[in-house]
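In what follows, a single structure is set out as structure tokens and then discussed.
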Amino acid sequence: MNQPTDRTTGNLPKAELHLHIEGTLEPDLAFTLAARNGVRLPYADTEELRRAYLFEDLQSFLDLYYGLMAVLHTEQDFEDLADAYLARAAAQGVRHAEIFFDPQAHTARGIPIATVVEGLSRALERSEERHGISTRLIMCFLRDQSAESALATLEAARPHLHRITAVGLDSAEVGHPPAKFREVYEAAAALGLRRVAHAGEEGPPAYITEALDVLGVERIDHGLTCMQDPGLVDRLVRERIPLTLCPLSNVRLRAVDVLEDHPLPQMMAAGLLCTVNSDDPAYFGGYVGDTYHAVHEALGLDEEQLRALARNSFTAAFLDDDEERRRRYLAEVDAYRFDT
């Protein structure tokens, strides 16, 4: 078994496919934006805020996550948020990032969707020049909101669809099955948008099957609980459906007790097309390079396994319109040396 050195594990060239831009809001930036926009946070300082980043489950995280969004008001705020993420990602080997955003969480606060998309796009459009990262933007629907709200959000996004590659589905999973959003996913497909969805994070394997069969998704975000259904695992392997796993998130939100218990090695051994990602890195203890390092340390993944995860990330990326870029990124993975 060829074990890479710890120092270079996180710098392996990679794509990040499961990243909520609102979840990259670090405490220092939160206080900066709060001061800029006259928002009073219920924390004395960044250290007190960091101490709040201890969660019992997904809902306890979401309560803080949505509360802190109150500091995001202007195009400049969203641009600064995205640019800060891209700088951190570049330092950890990210070459391509497909970034989720939650328009309903902002429009509910009176922030127009145009403000969100234009601000994020300003950072993304110069990302290659400034950070060496190509990007895609994925608009997510909040599954704990109504299906009618999702349809209204898609309609409001129509003027901005030239900047949006795909739609996704996130937020509290249990009790909100994918089929609830059949109509909006059909509408998104008719508009030429790619489709992904969170499924199998806390919800049952049946939610994964429903996301595939009812919503027509091309990737499953999380997919952790698929291992409870051998038939579903066989299908995911056969159809080469990518899973965008988030091991640090799974531990912080108590889906897995400790990282050493994460089923990632078993999932890879079963032939699943696994990728690892950071999800909401400001809240979950690390960006994607940190995640690679963590699974190497806790799960004993060797050089070949880490390289396979990186290759999978580019294979699963929405780069169908630029296969030459995909080949170039894959060549970077193959050429990377862990001992330098």
Item to check | Criterion (of a type outside the set (Lys, Arg), at pLDDT below 95 and not in a loop (DSSP other than H, G, I, E, B)) met by exactly one of 292, 329, 283 | outcome: 283
Checklist outcome for this item: Over the range 180-195, the set of residues in contact with a Leu (Cβ under 8 Å, 6 or more places away or on another chain) and among the hydrophobic types (A, V, I, L, M, F, W, C) is 181, 184, 187, 188, 191, 193
Checklist entry - In the set 314, 318, which member is at pLDDT 95 or above and assigned to a loop (DSSP other than H, G, I, E, B)? => result 318
Checklist outcome for this item: Within the range 296-308, the residues that are at negative phi and either surrounded by 23 or more Cβ atoms within 10 Å (Cβ to Cβ) or not aliphatic (A, V, I, L, M) (or both) are 296, 297, 301, 302, 303, 304, 305, 306, 307
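Looking for whichever is surrounded by fewer than 21 Cβ atoms within 10 Å (Cβ to Cβ), within 20 Å of residue 333 (Cα to Cα) and of a type in the set (A, V, I, L, M, F, W, C) here; the options are 227, 268. Which one fits? Explain how you work it out, then say what you get.
Numbers: 227 fails: within 20 Å of residue 333 (Cα to Cα).
The unique qualifying residue is 268.
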Checklist entry - When residue 298 is evaluated against the numbered criteria (1) assigned to a helix (DSSP H, G or I); (2) within 21 Å of residue 138 (Cα to Cα); (3) at pLDDT 95 or above, which criterion, by number, is the only one it fails? => result (2)
Checklist entry - Among the residues of the range 66-77, is any of a type in the set (Gly, Ala, Ser) and within 26 Å of residue 118 (Cβ to Cβ)? => result yes
Checklist entry - Does residue 253 fit the bill of being among the aliphatic types (A, V, I, L, M), surrounded by 23 or more Cβ atoms within 10 Å (Cβ to Cβ) and at pLDDT below 95? => result yes
Checklist entry - Does the range 238-251 include one or more residues that are out of contact with any helix residue (DSSP H, G or I) (no Cβ under 9 Å at 6 or more places or on another chain) and either in a helix (DSSP H, G or I) or within 19 Å of residue 178 (Cα to Cα) (or both)? => result yes
Next on the checklist: Restricting to the range 56-106, and then to whatever is within 22 Å of residue 16 (Cβ to Cβ) and of a type in the set (Val, Ile, Thr), can you tell me which residue is surrounded by the fewest Cβ atoms within 10 Å (Cβ to Cβ)?
Outcome noted: 99
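Check 150, 189, 166 and return the single one that is at pLDDT 95 or above, in contact with a Gly (Cβ under 9 Å, 6 or more places away or on another chain) and of a type outside the set (Phe, Trp, Tyr). Quick ask: steps written out before the conclusion?
Working: 150 fails: in contact with a Gly (Cβ under 9 Å, 6 or more places away or on another chain); 166 fails: in contact with a Gly (Cβ under 9 Å, 6 or more places away or on another chain).
Only one candidate passes the filter, namely 189.
The values are calculated or read from the model by the stated rules, or taken from the named source; none is laboratory data. Keep in mind it's a predicted model, so treat the numbers as computed, not measured. Heads up, the Cβs are rebuilt from the backbone with ideal geometry, glycines too, and the neighbour counts pull from every protein chain shown.
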